[in-house]
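Just below is one structure, and these are the notes that go with it.
The values are calculated or read from the model by the stated rules, or taken from the named source; none is laboratory data. Predicted, not measured: the structure shown is a model, and the values here were computed from it. Ideal geometry is used to build each Cβ from the backbone, glycine not excepted, and the neighbour counts take in all protein chains shown. In case anyone asks, the SASA skips ligands and DNA or RNA and just uses the protein heavy atoms, side chains included. Shrake-Rupley method; radii C 1.70, N 1.55, O 1.52, S 1.80 Å.
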Amino acid sequence: MVLQKAKEYKKNRKPTEELKGKTFVMIFFNPSTRTRNSFAIAMIELGGFPLFFEAEKTWLGQQSESPKDTAKVLSRYAAGIGIRIFPNITKWKYGASNQLLQEIAKWSDVPLINLEDDLYHPCQALTDIFTIREKKKKLEGKKFLLSWAYHPKPLPVSVPNSTVLTMTRFGLDVTLLHPKGFELDSKILTMAKENAKESGGSFEIVNSLEEGYQDADIVYVKSWGSLKYYGSFKEEKQLRVPYRKIWICDENKMELTKKDSIFMHCLPIRRNIVATDGVIDGSHSVVYDQAENRLHVQKAILLKLLK
Amino acid sequence: MVLQKAKEYKKNRKPTEELKGKTFVMIFFNPSTRTRNSFAIAMIELGGFPLFFEAEKTWLGQQSESPKDTAKVLSRYAAGIGIRIFPNITKWKYGASNQLLQEIAKWSDVPLINLEDDLYHPCQALTDIFTIREKKKKLEGKKFLLSWAYHPKPLPVSVPNSTVLTMTRFGLDVTLLHPKGFELDSKILTMAKENAKESGGSFEIVNSLEEGYQDADIVYVKSWGSLKYYGSFKEEKQLRVPYRKIWICDENKMELTKKDSIFMHCLPIRRNIVATDGVIDGSHSVVYDQAENRLHVQKAILLKLLK
Amino acid sequence: MVLQKAKEYKKNRKPTEELKGKTFVMIFFNPSTRTRNSFAIAMIELGGFPLFFEAEKTWLGQQSESPKDTAKVLSRYAAGIGIRIFPNITKWKYGASNQLLQEIAKWSDVPLINLEDDLYHPCQALTDIFTIREKKKKLEGKKFLLSWAYHPKPLPVSVPNSTVLTMTRFGLDVTLLHPKGFELDSKILTMAKENAKESGGSFEIVNSLEEGYQDADIVYVKSWGSLKYYGSFKEEKQLRVPYRKIWICDENKMELTKKDSIFMHCLPIRRNIVATDGVIDGSHSVVYDQAENRLHVQKAILLKLLK
């Protein structure tokens, strides 16, 4: 339903009054470009109003107010609340940012939308399904590769987690590719396997670049930090650095994929580190459509939740 | 009139177009949750537009522009200006933040709304009257207790000042309760006495917790720093710390009050330091209604001033 | 056309729906008062929506995303993009902030508006023409003085550059006045001379205060740093400091100008350093009208570019 509505919104971007007088309050503990702009403009184009606050300018962010009180009060004012909170905010205690978000959701009397925390980035993953459908029509039987890549900083596992959970749920043949040491949370992997079973898709994990890229329909590249040394930056870096040059997504690797394969990334991307300019700007790449679709899908999400 | 209009707005939250095309520009020198969101959403629901700026991102906040020039220029653009400025911005020189706000008001050709300075928080106090009327119907003959409480930081006197001035003006029987050394400004106390005289209410200051809480209809708890050591953080702390455990508002103290008494706080509140969870989440507490009412009352204020 | 439309907007400030459903996204690397508020309120009064982001809260500002990717993605969401970026952001490498802005413009599929970079401030200059026409009716034969003044910090050359280029293009008789060592970029000066030739105006550079102020119709005072020591703060300061008291725009200097001369400044202005209170608040001064006109002119700019 949401994806169907999103398709309609994309076909016709004419502003509506569907959320007239409604406000969506977003609190950002961390930077944002796509999420912030696409949610804001989604609200605007639905006739509603986006408000955003840097967390450190609120009493919640100043740790002077409980999540409960902030949630209870904002619920009195706004039609919905959005939160972005990365692992650094809760000192890289695994899952702690998600817990804070859950605590706010628990007390909120209006819908709370996860704008990416330390474990999940659900609106990105739902948009990614929309983009794959747009480009590939059918999802069944399509090989979806999620490949790890090197990045100068240890990034959260939110995008890979949401990606494997969502792609397996929608029946894709999901291949997770990463070097040893970059395993995702075993609970996530278990859920992904169950999803694949239920949906009729598949889920496999490989460490070989050739095996991963071979005949892929969709190549999704993303860096994440090793959970083995989560929050231990020095050790984690030592594990990550050796893979720097080998794991970049380049034209040679894309040659292994299907001729009409698509290259995806949630952005921002470090050019020529995560993927080469040749790939990002090349014929396989759909990264700007993917970013644009955030707008259309989130309009449908906001309509569903805030109406 | 404002309170009557606020009541109507609360009864019917349907968005209007009463402030269509009008902008309310808010400059925040300090964090905010309720003030910022409630004023923003008030403007939105009246069909107007809220803008807010972190002071440090403006030339005024950068001390590169005079209050006069900022006021004169913003007056050309906006229908109203709001300022929040706490004591730390003017280095705890008593009243200096209020003076800066007055300077801006002096030069502004549009209404300036005090969003809390170092001396006053008038929109909070007006809302508090609204909430008391909502809960208690009549104000006459009601015992209003404003009790000091411990807080890990020395807080400004803006809320207690505005509270005693407003409650006495509206004819309540006001009891101000605090330990020795936490006296409010004598000019404020004199004004409060005069207000009580004129309005037919009363005003007394007590130091005994039992005496203060006994038979109260309304319990308003709030911490503030000692004016004796205003800006001398070390000395002030030594005075404050011994009262830490005794002055918390807990169920035992609430037992002394009327059965149908209400517990109020402007929020944010340090839970189990200023008041216990039992009180904040208990049957006397009206803190979330009180926070919600900021929205309705400020809609009426904005309509009156910006229309 | 833009200036004519601006005149209409000034005559009738009634909000319109001309940019309904359209969003203007502004990214600020630096503080702002007039630019931010006037563009925001311009969008609002045209029925559109302004969004602004502190650059450091975006991936572009965090240097985690290329200008290309940010430009491409924002183009998918917004009807226009605005950027403010001063020299400090690119470490006072002459022209580097303008280059970054040009890079974004190059990849953007929607209009990009320069909200002041290290080389230019075009919206200010266009508004200044509007203000001069408003006050002086005809531009031909009017002596426009741009005088340097001392300021405690080395300011960018954006305003003087845009001022001499624009005033010469519109046919004014432009006198550029500054102490030795504060020459503008020779390319700018060459362009200004060519502009004057084409427009029928004139362009001269003088170092004598008397000569500069004598019989001026318009006095525009502005400080800028010496290009000789651009980014070398210590040396630049030594060059600047000796001119501190002599170069202030005061009543004595204004006495040399035409009786009906006007005093202009883009604001913010350091009072009694760049110009005296007597001048800023005096009968020649049009600084608040000049600031107000930003709103009207930018409404016309936004209509032209975003419609």
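Numbers at a glance
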read-out	value
B:Lys180/B:Glu255 FRET efficiency (R0 22 Å; Cβ-Cβ; nearest 0.05)	0.35
Spatially proximal lysines relative to C:Lys93 (Cα-Cα < 20 Å; intrachain offsets below 8 disregarded)	C:Lys153, C:Lys187, C:Lys228, C:Lys234, C:Lys237
Where trypsin sites (Lys or Arg not before Pro) fall in DSSP loop in segment B:239-279, at most 13 other Cβ within 10 Å	B:Arg244, B:Lys245, B:Lys259
Label-to-label distance, nm, for residues given as C:Ala105 and A:Glu17 (7 Å Cα→Cβ offset)	3.9
Accessible surface buried once A binds C (1.4 Å probe; total of both sides; Å²)	2700
Neighbour-limited loop hits for GluC sites (Glu not before Pro), segment A:1-59 (at most 14 other Cβ within 10 Å; DSSP other than H, G, I, E, B)	A:Glu17
Of all accessible heavy-atom area on chain A, the percent that carbon and sulfur account for (1.4 Å)	51
Cα Rg over Rh - segment C:46-146, Kirkwood	1.07
Spatial separation of Cα centroids for segment A:177-195 and segment B:163-190, in angstrom	62
Accessible surface, per residue, of segment B:122-290 when the full set of protein chains is kept, probe 1.4 Å, Å²	42
Against the rule of thumb 2.2 N^0.38 Å, how large the Cα Rg of segment B:60-212 comes out	1.17
Charged-residue dipole, Cβ positions (Lys, Arg, Asp, Glu), segment A:220-307 about Cα centre, Debye nearest 20	460
Mean separation of Cα contacts under 8 Å, 6 or more apart, over the residue count of segment C:1-130: relative contact order %	23
Average beta carbon contacts from partner chains per residue of A:15-27, 10 Å cutoff	3
Efficiency of FRET from Cβ geometry, A:Lys307 and A:Lys7, R₀ 22 Å, rounded to 0.05	0.80
Rule-of-thumb Rg ratio for segment A:122-290 [Cα; 2.2 N^0.38 Å; N residues]	0.95
Dipole in debye (nearest 20) - segment A:122-290, about Cα centre, beta carbon charges: Lys, Arg +1; Asp, Glu -1	360
Candidates per trypsin sites (Lys or Arg not before Pro) in segment A:104-206, loop by DSSP, up to 13 other Cβ within 10 Å	A:Lys137, A:Lys138, A:Lys180
Mean separation of Cα contacts under 8 Å, 6 or more apart, over the residue count of chain A: relative contact order %	20
Segment A:246-307 pair-distance distribution - Cα-Cα, 10 Å bins, rounded %	20, 42, 22, 13, 3
Theoretical gain in end-to-end length, C:Glu198 to C:Lys93 [0.36 nm per residue, Cα-Cα removed]	34.6 nm
Dipole magnitude of chain A about its Cα centre (Cβ charges: Lys, Arg +1; Asp, Glu -1), debye to nearest 20	500
Accessible solvent surface per residue of segment B:52-112, calculated while the other protein chains remain in place, 1.4 angstrom probe, Å²	37
Size of the protein assembly as shown as Cα extents on the principal axes (Å, biggest first)	88, 79, 49
At q = 0.19, 0.26 Å⁻¹, base-10 log of I(q)/I(0) for segment C:11-68 (Debye sum, equal scatterers on each alpha carbon)	-0.73, -0.99
Rg in Å to one decimal, and Dmax rounded to a whole Å, for chain A via C-alpha atoms	19.3, 55
Solvent-accessible area lost in complex, 10 Å² minimum, residues of segment B:78-98 relative to chain alone, 1.4 Å	B:Phe86
Label geometry 7 Å along the beta-carbon vector: C:Gly231 inter-copy distances in nm	4.1, 4.1
Those residues of segment B:30-55 for which accessible area with every protein chain present is at least 40 Å² below the isolated value (1.4 Å probe)	B:Pro31, B:Thr33, B:Arg34, B:Arg36, B:Asn37, B:Ile41, B:Ile44, B:Phe49, B:Leu51, B:Phe52, B:Phe53, B:Glu54
